[in-house]
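The values are calculated or read from the model by the stated rules, or taken from the named source; none is laboratory data. Keep in mind that this is a model prediction, so the values were computed, not measured. Here Cβ is always computed from backbone atoms with ideal geometry, including for glycine, and neighbour counts include all displayed protein chains. For the accessible areas, the whole protein counts, side chains as well, though only heavy atoms, and no ligand, DNA or RNA atoms are used. Shrake-Rupley method; radii C 1.70, N 1.55, O 1.52, S 1.80 Å.
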Amino acid sequence: MLDRYPTLKKKKTEVYALGRHISLSADKARRVVDQIRGRSYEETLMILELMPYRACYPIFKLVYSAAANASYNMGSNEANLIISKAEVNGGTTSKKLKPRARGRSYAIKRSTCHITIVVKDISLDEYEEKPLFYSITKPR
């Protein structure tokens, strides 16, 4: 086949920060993450500082880390960053037994979660055109 059309290669514009085994429930972390998804970096920091939930502090640290990764790896300005993807997955659950009356035991479950924050630089959101090469392959 003769490949006549140039392919567009997307520049790398996204950087992520991953927090694993954070000791809070995934549902409680999702309540906070749903509020910041799609917002700008500076607006996200303001929202996380003012929300009254315990999950805000680890998410704040992850957003800050993702922005530091973007400025170090891509040289991005923090004013151009948006939270393009934020997800919370369930982690491992540690279990311990608490002794109860009459020789019984009661299981206590301590859940953890994994949080991924992906920031995107909107100033670099362009396409880079690859050089046009013709490749001829034999049909089979």
For Ile47, indicate whether it is open to solvent by less than 90 Å² (accessible area, probe 1.4 Å) and not in a helix (DSSP H, G or I).
-> no
Hey, does the range 62-73 have a residue that's in contact (Cβ under 8 Å) with a residue 60 or more places away in the chain and open to solvent by less than 40 Å² (accessible area, probe 1.4 Å)?
-> no
Among residues belonging to the range 2-16 that are of a type in the set (A, V, I, L, M) and more than 20 Å from Ser84 (Cα to Cα), point out the one that is modelled with the lowest pLDDT.
-> Leu2
Complete set of residues in the range 17-38 that are assigned to a loop (DSSP other than H, G, I, E, B), out of contact with any Pro (no Cβ under 8 Å at 6 or more places or on another chain) and either open to solvent by less than 80 Å² (accessible area, probe 1.4 Å) or modelled with pLDDT of 95 or more (or both) | Ser23, Ser25, Gly38
Inspect the range 78-85 for any residue being of a type in the set (Gly, Ala, Ser), without any contact (Cβ under 8 Å) to a residue 12 or more places away in the chain and either outside any strand (DSSP E or B) or surrounded by 12 or more Cβ atoms within 10 Å (Cβ to Cβ) (or both) and give the result as yes or no.
-> no
